[in-house]
Amino acid sequence: MNKYYMGIDIGSISTKGVIIDCDGNIIAKDYLWTEGNPINAVKKLVQSLYSSVGNINVVSVGTTGSARYLIGKILNASVIKNEITAHAIGTMSRVKDVKTIIEIGGQDSKIILIDNGVVVDYAMNTICAAGTGAFLSSQAKRLGVNIEEFGSIAKKSTNSPKLSARCSVFAESDLVHKLQMGYKKEDVIKGLCDSVVLNYLNNVGKGKKIKAPIVFQGGVSKNIGVKESFEKELNSEVIVLEDSHLMGALGIALIAKMSKIEKKFDFNIKDFNFITKGHECSKCANNCEVVQIFKDRELIDTYGNKCERGKIVS
Amino acid sequence: MIVGIPRALYYHSYSYLWKTFFDNLKVEYIISPKTNKDILKKGKILSTDETCLPAKIYLGHIDYLKDKCDYVLVPRYLGVDKINLSCIKFNSMYDIVKNTFKNIKTIDYNIDYIKGCKIKNEFIKMGKKLGFKSNVASEAFDKSYKEFNNYRMHEFELQESKVVNSELKKVLILSHSYNIEDEMIGKKISNILISNDIEVILSSKFISNEDKSTNISKTLYWDSSRQILNSLEYYKNRVDGIILLTSFPCGNDCLVNELIIRKLKNYKIVNIVIDEVNASAGLVTRLESFIDIINGITI
């Protein structure tokens, strides 16, 4: 029987999943909104993957993204790994000689530098979420545009105004000001794309040597306006792969395959009822945030506790 | 009579000296617990929002001790000479404590090169305040200072044998002792590294009489930053990766870490900033990725 591997990347905004075969080809994929409920999103995702390939022999599951622990426990994953490594591995499987990965997601942005197939350096945005997907989609709402059309509208612009790139709160007031001054909507949208790029290069990319080939991914890479701003600013071609939003999921599926840890995956997971309970443990001054996961009322795991006292057994 | 020792700031460098000094004088003392959420919360309320995390934590510890002992030990530390100074915020800590907690009873010593204060004289003064004759205090100090130096040497040698003998990948945590040893700053990081099978090497355990920090900067004032640069010179080629650990918003580290990153090429370095926000998800992601980099994961 052929072996298949599943990779799931649960981000703050969207949940991505792929199933690959032994040669690393994607045979099923999907992408949907997390909507603040990672468990439901993953159940829907598993359902969707199931309906496209049927009950195949998935021997190993990997999870990545900000909800990787929670979902990893629920799916009984073989590997639970950070998104930086997952993205690097996924991208390297497609663009062998990639040197720089620019990743802008829903709430965070990263830069990953690769040398000879090994990750050598990375940076992540810190407490500031300026210039990420969440910022762009809230601005799209303000302008009454669909976020999916953002890029194509920006393309029409001939003369983009300079918007503050330091902080998205100031960028927003700048944007209103420019609109009131009479700039066209497409110009302001292009200006926003530019400010996302400048913000990224000044914060996340600060002090890093960005060398070609450059691959741009994460949800924002689907925005052609931002891609073009990057190309103009970096003076170099920026590659956006067709499945650019799936690189994390692909990477973690490959890592699951490489791990050689096999745990049979059952698609009927979608029919179970999972509940999580979070509370602050009060047994000592650490006040750990403990999360319990129940599968059909049966406790399957507790995490977040620093010590045994925080572990609740029943 | 009970002396309260706050488990914060200088404690992480001098605790052994303090404890042996009080032991030798047979003075009873209590030590505040490891930093926890309550202490941090109290410290945050007592501090202005611009102060750094270790300073906030310090006030939290003082608050814990203030009603539980007769005197709280609050040293003032300006520096031993013109080019070995403490951070300006910590220099003012003594006055901040006096102003924040009205009527607090402290015992203190003052290391201030301008007034020519020598550490031994200061400890003798402290002994006098606790009711001991100067020869008794002097004797106690000599004894404990010797033990203190032996202890530091012992710690350093212990670490040295780890560097030489350990088969694991080694990561140097480069930071001030009050960051490295604090339960809510450095310990969090050490624990994550250790659970990922990494040998943790601490810059605070390094001792040397030679000053090699001038290789990186000739004009650095802060002795704690010099300690960091000296240990960097000593360990940098013997570890697999370096973590620059800063607590938000440290002015000295802003400068020194940037210097280190610019001057050190071809080393695996990551800059980790810890603030009072307690979410550890981002921290875990950063550290795990760094560990992957050290392990050279590839396809």
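Some points to look at:
- Values of log10 I(q)/I(0), in the order q = 0.16, 0.17, 0.24 Å⁻¹, for the range A:207-297 under a Debye, Cα-only, solvent-free model: -0.88, -0.90, -1.17
- Residue among B:Glu50, B:Glu181, B:Glu155 with the largest mean-square fluctuation in a Gaussian network model of chain B, springs linking Cα atoms under 10 Å: B:Glu50
- Chains A and B, summed buried accessible surface - 1.4 Å probe, Å², nearest 100: 2000
- Rounded to the nearest 500, the 222 nm mean residue ellipticity of chain A from helices alone is -11000 deg cm²/dmol, with -39,500 (n - 2.57) taken per DSSP H run of at least 4 residues.
- Taking only the C-alpha atoms of the protein assembly as shown, the Rg (one decimal) and the largest Cα-Cα distance, Dmax (whole number), read 27.5, 87 Å.
- The amide H of B:Tyr29, built 1.01 Å from its N in the peptide plane, has B:Val3 as neighbours under 5 Å, considering only residues 5 or more places off or on other chains.
- Proportion of all alpha-carbon pairs of the range A:97-240 beyond 26 Å (%): 20
- Residues in the range A:271-300 occluded by at least 50 Å² - accessible area, probe radius 1.4 Å, against chain by itself: A:Ala285
- Sparse-neighbour loop sites [trypsin sites (Lys or Arg not before Pro); the range B:207-299; at most 12 other C-beta within 10 Å; DSSP]: B:Lys218, B:Lys265
- Eligible aspartates and glutamates near A:Lys43 by straight Cα distance, threshold 17 Å, same-chain separation 8 or greater: A:Asp9, A:Asp30, A:Glu35, A:Asp266, A:Asp271, A:Asp296
- Per residue, the solvent-accessible area of the protein assembly as shown (1.4 Å probe, heavy atoms of protein chains only, all protein chains present) comes to 46 Å².
- Sparse-neighbour loop sites [trypsin sites (Lys or Arg not before Pro); the range A:207-286; at most 15 other C-beta within 10 Å; DSSP]: A:Lys208, A:Lys209, A:Lys211, A:Lys260, A:Lys263, A:Lys264, A:Lys283
- Its convex hull of Cα atoms gives the range B:2-145 a direction-averaged projected area, equal to a quarter of the hull surface, of 8.4 nm².
- Overall, the accessible surface of the protein assembly as shown at a probe of 1.4 angstrom is composed of carbon and sulfur to the extent of 49 percent.
- Based on the Kirkwood approach, the hydrodynamic radius assigned to the range B:101-175 is 15.7 Å, with every pair of different Cα atoms included.
- In whole angstrom, the range A:1-140 maps to an equivalent ellipsoid with semi-axes of 25, 20, 13, each derived as √(5λ) from the alpha carbon gyration tensor and ordered largest first.
- The equivalent ellipsoid of the range B:124-282 has semi-axes of 31, 19, 18 Å, largest first, where each one is the square root of 5 times an eigenvalue of the Cα gyration tensor.
- Kirkwood hydrodynamic radius (C-alpha pairs) into Stokes-Einstein, chain B, 10 °C and 1.306 mPa s, D in µm²/s: 78
- The base-10 log of I(q)/I(0) for chain A, evaluated at q = 0.08, 0.09 Å⁻¹, reads -0.40, -0.51 [Debye formula, identical scatterers on Cα atoms, solvent excluded].
- Residue pairs, from the table B:Lys41/B:Lys89; A:Lys73/B:Lys187; A:Lys110/B:Lys162, whose Cα atoms sit over 30 Å apart: A:Lys110/B:Lys162
- Each 5 Å bin, from zero up to the one with the longest distance, holds this percent of the alpha carbon pairs of the range B:51-111: 4, 17, 29, 24, 16, 7, 3, 0.
- Cα-centred dipole magnitude for chain A, charges only on beta-carbon of K, R (+1) and D, E (-1), debye, nearest 20: 340
- Share of pairwise Cα-Cα distances greater than 12 Å in the range A:108-163 is 75 percent (whole percent).
- Those residues of the range B:19-53 for which accessible area with every protein chain present is at least 30 Å² below the isolated value (1.4 Å probe): B:Asn36, B:Lys37
- Only helices reaching 20 angstrom along their own axis (Cα) with mean Kyte-Doolittle hydropathy no lower than -0.5 count here, and for the DSSP H runs of chain A these are A:38-53, A:185-203.
- Applying the Karplus relation 6.51 cos²θ - 1.76 cosθ + 1.60 with θ = phi - 60° to the range B:79-96 yields 3J(HN,Hα) values of x, 8, 7, 5, 10, 10, 10, 8, 4, 4, 5, 6, 4, 8, 4, 4, 5, 4 Hz, where x marks Gly and Pro.
- Given charges at Cβ of Lys, Arg, Asp, Glu: the protein assembly as shown dipole, positive-most of B:Ile272, B:Ile62, B:Ile201: B:Ile62
- Here the calculated FRET efficiency for A:Ile26 and B:Lys89, from their Cβ-Cβ distance with R0 = 45 Å, stands at 0.25, rounded to the nearest 0.05.
- Largest-first ordering by accessible area, 1.4 Å probe, given options B:Tyr16, B:Tyr221, B:Tyr109: B:Tyr221, B:Tyr16, B:Tyr109
The values are calculated or read from the model by the stated rules, or taken from the named source; none is laboratory data. Just so you know, these numbers come straight off a predicted model, no measurement behind them. Because the Cβ atoms are built from the backbone with ideal geometry, glycine has one as well, and the counts that use them run over all protein chains shown. With ligands, DNA and RNA removed, areas are computed over all heavy atoms of the protein, side chains included. Shrake-Rupley method; radii C 1.70, N 1.55, O 1.52, S 1.80 Å.
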